[in-house]
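Visitor: Encoded as structure tokens, here's the structure I'll be asking about.
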Amino acid sequence: MGSRKLVFYPYHCLEQQTSRAVLYGLRLGLDEIGFAHELLSVEEARENLGTWLANLQSFQSYDGSFSYWPRAGGSHSGDIYLTAYVLWVLHEL
């Protein structure tokens, strides 16, 4: 039930996108051990994870930190807690 809510959660800040990336990574890992899941196919997980990675740069600030929303041309710095979360997920994937 929780994974369904996460996949269809309507918000698109980087925190939510990163949480979905964790789910995609888990889905790909489950496939490696032969576990099927009807909510999210392997192809969808791979595609969505690739999209997350491709869009990640638009959330990165000039100092390398990450912001909740795409930068709008300004030179703002990001959030340290979000940056730590994104870096942890990148490391674990």
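The values are calculated or read from the model by the stated rules, or taken from the named source; none is laboratory data. Bear in mind the structure is a predicted one, so any value in this text is a computation, not a measurement. Every residue, glycine as well, gets a Cβ built from its backbone with ideal geometry; the counts of neighbours run over all protein chains shown. The accessibility values were calculated without ligands, DNA or RNA, using every heavy atom of the protein model including side chains. Shrake-Rupley method; radii C 1.70, N 1.55, O 1.52, S 1.80 Å.
Visitor: What's the number of the condition GLY34 fails, among (1) open to solvent by less than 90 Å² (accessible area, probe 1.4 Å); (2) modelled with pLDDT of 65 or more; (3) in a loop (DSSP other than H, G, I, E, B)?
Guide: So GLY34 meets the others, but not (2).
Visitor: Moving to a separate point now. Give all pairs with beta carbons closer than 9 Å in which a residue from the range 41-59 that is open to solvent by 20 Å² or more (accessible area, probe 1.4 Å) meets a residue that is among the acidic types (Asp, Glu) and modelled with pLDDT under 95; count only pairs at least 6 apart in sequence or on separate chains.
Guide: No pair meets every condition.
Visitor: Anything in the range 60-93 that is open to solvent by less than 70 Å² (accessible area, probe 1.4 Å) and aliphatic (A, V, I, L, M)? List them, or say none.
Guide: Passing the criteria: LEU82, ALA84, VAL86, VAL89, LEU90.
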